[in-house]
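Read the structure below first, then the notes.
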Amino acid sequence: MVAKETKNKKQETGKIEKYDPSKIEPKWQKKWKETELYKFKEDSKKEKYYPLVELPYPSGDLHIGHWFSFVTADVHARVHKMMGKNVFFTNGYDAFGLPAENAAIKRGIHPKDWTIKNMETMTKQFETMGSMIDWSHTTAACFPDYYKWNQWIFIRMYEKGLAYRGKMLSNWCPQDQTVLANEHVENGKCWRCGSEVVQKEIEQWFIKLTEYADQLIWPEPDKNGLSNGVDWPISVRVAQNQWIGKKEGVKIKHKVIGTDLEFESFSAYPAWSWADRYIVIAPEHSIVKKLVKGTKEEKKVMKFVEEMSKKTDLERQETKEKLGVFTGRYAKDPFGGPDMPIWLANFALINFGTGIIRCSGHDERDIEFAKKYGLKTGEAVVKRENGNAATPHDGMGGILKDSGPFTGRDVWEVVPEVINWIEKQEIGIRFVNYHIHDWSVSRQRYWGTPVPMIHCKKDGIIPVPDDQLPVELPYDVDFTPKGKPPLASNKEWMKVKCPKCGGEGLRDPETLDTFFDSSWYFFRYLNPHYDKAPFSKEDAKKLTPVDIYFGGAEHTLGHTLYARFFTRFFKKLGLVDFDEFAKKRVQHGVILGPDGARMSKSKGNVVNPDDVVKEYGADAARVYLCFMMPYDATAPWAPGGMWGTYRFLKRVWDLQYNLNDKELSKTDLFEMHSAILKVQEDAGSTKFNTGVSTLMKWINYLSAKESITPEEYKKFLLLLAPFAPHIAEEIYQTYFAGDKEFKSIHAQNWPLFDEKYLTTESVTIVIQINGKLRDSIQVESTKLKIQSEIEQLAKKSSKIQKYIEEKKILKTIYIPGKVLNFVVA
RNA sequence: GCCGAGAUGGUGGAAUGGUAGACACGAAGGUCUCAAAAACCUUUGAGCGUAAUAGUUCAUGUGGGUUCGAGUCCCUCUCUCGGCACCA
């Protein structure tokens, strides 16, 4: 140790300074920025590491939830950096979208100005966090050099048939005046504004998610716990698989008696088909009109259709009562059963299968409906144990009693055979149904990526040629919602020449769903101004896939699924050579208000990070966010806990007045090295709370000593640096950095851990009688492996003797270094 | 209804099948102080027990099981949170 290190500040100046974060934090933030400390530099000698946090929406205010996501990820990134990896850590903004437009309408500011101002404010707020985000890689969807590539991707998808225009019943939000994707309807309500969503038939753009539905299904994890080679939480994998909802079955062809009409019904349980006795059709189905045209039932049926169409999704979900009407028509049963009456029913869903169901006595809904309207039902199976009819849903199966050629056989066993048989008899075809539908991406709003398509009367829909991209979003537009896309109001902008015939064409006035933007932003980070493609193959090869993706559970069914789809598409384009964009996904928990309720402005329980920083400093806030709960838990913000971490940092600070050069004892080294190991394991994964508690434990140990050595202090600061970067830097610079040039603690290596210090001279062995703790003995480490000696030592204990004298020892179990257990009669 | 996760002190929570309650908050008592704050020290799962130390029993939502040994593994049930849901 050099002489300087043996002296503490008090010895030099005779003064003791108090810990004051407001004095040190802005100072170091400035210095780090000036010296470009966190700028990513390519380094082929180091292993790359790409941690990613979901990019925030620029609402204008960094709330405590943002702090939680970014602080924990920042700690994680810093530990990996110190451990010698080349860490790429940046952030951008999900800058397009409705809230900007709504806020702008409310305040009379242009969405662009509002958004850009918010991004500036938030970037400054990120600086007060002391994060190591490298802002030179930032980007935002609303910049033309970002959304240009949205348009480019969209056109490539169009060329490959993955983006298409279609007319479909869609979720329409009457408040926001736009279409919503299925993933963004929550309980029949708009995820943004909470209005009840209605169904409207609208022509719009779709992304063909169904094309990759099979590929997006997560397989069972392998022996290393990896599914598709990556480590994603089971909750996400299961939820996505259910959402994709793959069901294999058959479509069965039917002829309507007395007409030339035909239709198909879908069945996922074809072995039950012999029990089907009637048919129901979704009221929205296009065949309904033709079916009843000119019949005496027409009026009644169409009235029913109209009544059903008036109901919102929410109302339909809430009414479980079965409602229906008879069409007067019958269909032939291709399975040879009696002619089947055709009904309309509210429980038949237009979006599932073909919208038409064959009904039997094996489904609760079918039975309920049949009872209500006096219809006959059939039964095809008997449950083996209690004799009740088995339903397809209970999964129990049974022996088929009345299933044509398969009678007398096991229900589940014959399913593949039944499908083959149906195809052979030409009464139906194999069909796979998915719950997931193609993604509706058209938004009838202003603040988004313009759809890069031109509508020409002669040539139809023509993509904008690549050399004319981006189609820039015009600034002057009347964006107040009028039920029509706002862009259509800018006549000048709308006019465009058809790239094919040169005649007059019109631009597409719709914009893309912002989830399109956020499906690939982590590729754009690599080089946000790259101008030949969305990103370069070489960059992607060097830095992707993302190593760990931090985010919230709310993106399970939307964003992360879309991003996985995009990655597969990029692979198809040859831009990447992997399927999964993130090797690991971790989902953070929720910080509740101090009252235990979810934070909300109306409840007045919102914790503002700016206030916390003012009171305790960023470092204390960072440490508390790591410490307050496990990463994925949900717990209330406790002001007292915040005080506790502040107190911890004060103790760290005060230790500098207790420095003295001395030999480190074996215990000192043991404490030091166990802390190094535990912190690197915990913060290197996502166990931030126990990482902090390890530091607290060590500081308790250090504080209890008469004085500490510079070596101990320096190593402590290195372990603390990822959690509390400012205080660690301040003390490090005062004592350990040298005078010449600025060498940040954050550019130092993680202290080396050496196992040899973890072995101690003696170890406590617990002595149990019949598994119950009765005593413990100290044993020299060298003797740990000799069971007989330990048994002898144990038997010497008077406490143990009490239990074993005059008793027969039936068995002795020894776990080296831990437990000795006597089993006595 | 189906699927997933979870339930440990007054609170947040620790704990590769091996000393349950680490670490922190809160609380109580003390030192310092005219006093308070801060800081520091002690105690803090519940019983029984002792002058005190000791000792000892019960404790990880419920009831069973596996094991020398279970908070941890298996089954039953209860409750909480999250996702999906009239899915043929």
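Here is how the numbers come out for the structure above:
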quantity: Which numbered condition A:R165 fails, given (1) under 30 Å from A:H455 (Cα atoms); (2) among the basic types (K, R); (3) touching a Leu at 6+ places or on another chain (Cβ under 8 Å); calculated: (3)
quantity: Qualifying residue in the stretch A:731-750 (condition: among the basic types (K, R) and closer than 22 Å to A:L669 by Cβ); calculated: no
quantity: For A:T782: the one exception among (1) among the β-branched types (V, I, T); (2) open to solvent by 40 Å² or more (accessible area, probe 1.4 Å); (3) within 15 Å of RNA strand B (Cβ to nearest atom); calculated: (3)
quantity: Hey, A:L664 more than 30 Å from A:K33 (Cβ to Cβ), open to solvent by 20 Å² or more (accessible area, probe 1.4 Å), of a type in the set (A, V, I, L, M) and more than 8 Å from RNA strand B (Cβ to nearest atom) or not; calculated: yes
quantity: Search result, residues across the stretch A:366-401 that are open to solvent by 70 Å² or more (accessible area, probe 1.4 Å), at pLDDT below 80 and within 13 Å of RNA strand B (Cβ to nearest atom); calculated: A:H393, A:M396
quantity: Qualifying residues in the stretch A:201-218 (those that are away from RNA strand B (no atom under 16 Å from the Cβ) and touching an Asp or Glu at 6+ places or on another chain (Cβ under 8 Å)) - the one most open to solvent (accessible area, probe 1.4 Å); calculated: A:Q215
quantity: First in the stretch A:795-809 and over 16 Å from A:L773 (Cα atoms) and assigned to a helix (DSSP H, G or I), second anywhere and away from RNA strand B (no atom under 14 Å from the Cβ) and hydrophobic (A, V, I, L, M, F, W, C), Cβ under 7 Å, 6 or more apart; calculated: none
quantity: Residue tally, condition of a type outside the set (K, R) and part of a strand (DSSP E or B), over the stretch A:324-365; calculated: 16
quantity: Subset tally (residues that are more than 22 Å from A:Y434 (Cβ to Cβ) and either modelled with pLDDT under 90 or open to solvent by 40 Å² or more (accessible area, probe 1.4 Å) (or both)) for the stretch A:341-365; calculated: 4
quantity: The stretch A:562-579 - residue that is part of a helix (DSSP H, G or I) and open to solvent by 30 Å² or more (accessible area, probe 1.4 Å) and, of those, nearest to A:L543 (Cα to Cα); calculated: A:K571
quantity: Options A:F89, A:F70: the member that is out of contact with any helix residue (DSSP H, G or I) (no Cβ under 6 Å at 6 or more places or on another chain), at pLDDT 95 or above and open to solvent by less than 20 Å² (accessible area, probe 1.4 Å); calculated: A:F70
quantity: Residue satisfying condition, being within 16 Å of RNA strand B (Cβ to nearest atom), surrounded by 15 or more Cβ atoms within 10 Å (Cβ to Cβ) and either within 24 Å of the chain's Cα centre (by Cα) or not charged (D, E, K, R) (or both), within set A:V197, A:V179; calculated: A:V197
quantity: Counted residues, the stretch A:250-260 - those being within 11 Å of RNA strand B (Cβ to nearest atom) and open to solvent by less than 10 Å² (accessible area, probe 1.4 Å); calculated: 2
quantity: Near pairs, Cβ below 7 angstrom, 6+ apart or cross-chain, from the stretch A:750-765 (within 26 Å of A:E791 (Cβ to Cβ) and in a strand (DSSP E or B)) to any residue that is of a type in the set (S, T, N, Q) and modelled with pLDDT under 90; calculated: A:S762/A:Q778; A:S762/A:S781; A:V763/A:S781; A:T764/A:S776; A:T764/A:Q778; A:I765/A:S776
quantity: Cβ-Cβ under 6 Å pairs, at least 6 apart or on other chains, the stretch A:675-694 side touching a residue at least 12 places away in the same chain (Cβ under 8 Å) and more than 10 Å from RNA strand B (Cβ to nearest atom), far side polar (S, T, N, Q) and not in a loop (DSSP other than H, G, I, E, B); calculated: A:A675/A:T694; A:V679/A:T694
quantity: The stretch A:284-336, residues that are of a type in the set (D, E, K, R), over 46 Å from the mean Cα position of the chain (by Cα) and open to solvent by 90 Å² or more (accessible area, probe 1.4 Å); calculated: A:K293, A:K296, A:K299, A:K300, A:K332
quantity: Close pairs from the stretch A:247-276: first among the acidic types (D, E), partner within 9 Å of RNA strand B (Cβ to nearest atom) and part of a loop (DSSP other than H, G, I, E, B), Cβ under 6 Å, at least 6 apart; calculated: A:E264/A:T354; A:D276/A:S360
quantity: Filter result for A:I133 (closer than 30 Å to A:V613 by Cα, of a type in the set (A, V, I, L, M, F, W, C) and either open to solvent by 10 Å² or more (accessible area, probe 1.4 Å) or touching a residue at least 12 places away in the same chain (Cβ under 8 Å) (or both)); calculated: yes
quantity: Every residue from the stretch A:261-280 that is more than 10 Å from RNA strand B (Cβ to nearest atom), of a type outside the set (A, V, I, L, M) and crowded, with 24+ Cβ neighbours inside 10 Å; calculated: A:W274, A:Y278
quantity: Some residue of the stretch A:219-231 being buried (at least 18 other Cβ atoms within 10 Å of the Cβ) and within 13 Å of RNA strand B (Cβ to nearest atom); calculated: no
quantity: Some residue of the stretch A:216-230 being outside any loop (DSSP other than H, G, I, E, B), farther than 30 Å from A:G460 by Cβ, touching a strand residue (DSSP E or B) at 6+ places or on another chain (Cβ under 8 Å) and at pLDDT 90 or above; calculated: yes
quantity: Test for A:F627: is it in contact (Cβ under 8 Å) with a residue 24 or more places away in the chain and within 30 Å of A:W243 (Cβ to Cβ); calculated: no
quantity: Selection from the stretch A:702-728 of residues that are over 16 Å from A:P751 (Cβ atoms), assigned to a helix (DSSP H, G or I) and either of a type in the set (F, W, Y) or more than 14 Å from RNA strand B (Cβ to nearest atom) (or both); calculated: A:P725, A:H726, A:I727
quantity: Selection count where residues are more than 10 Å from RNA strand B (Cβ to nearest atom) and either surrounded by fewer than 16 Cβ atoms within 10 Å (Cβ to Cβ) or not in a helix (DSSP H, G or I) (or both), scope the stretch A:613-655; calculated: 3
quantity: Per-region count, the stretch A:182-194, residues part of a strand (DSSP E or B) and open to solvent by less than 30 Å² (accessible area, probe 1.4 Å); calculated: 1
quantity: Single residue of A:E101, A:E25, A:E5 found to be buried (at least 19 other Cβ atoms within 10 Å of the Cβ), of a type in the set (D, E, K, R) and modelled with pLDDT under 95; calculated: A:E101
quantity: Filter result (outside any strand (DSSP E or B) and closer than 30 Å to A:Q215 by Cβ) within the stretch A:580-610; calculated: A:E580, A:F581, A:K583, A:H588
quantity: Odd one out for A:K583 among (1) at pLDDT below 90; (2) farther than 30 Å from A:S22 by Cβ; calculated: (1)
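The values are calculated or read from the model by the stated rules, or taken from the named source; none is laboratory data. Owing to the predicted nature of the structure, the values given are computational and were not obtained by experimental measurement. Here the Cβ is made from the backbone with ideal geometry for all residues, glycine too, and neighbour counts use every protein chain on show. Surface areas here come from the heavy atoms of the whole protein model, side chains and all, with no ligands, DNA or RNA. Shrake-Rupley method; radii C 1.70, N 1.55, O 1.52, S 1.80 Å.
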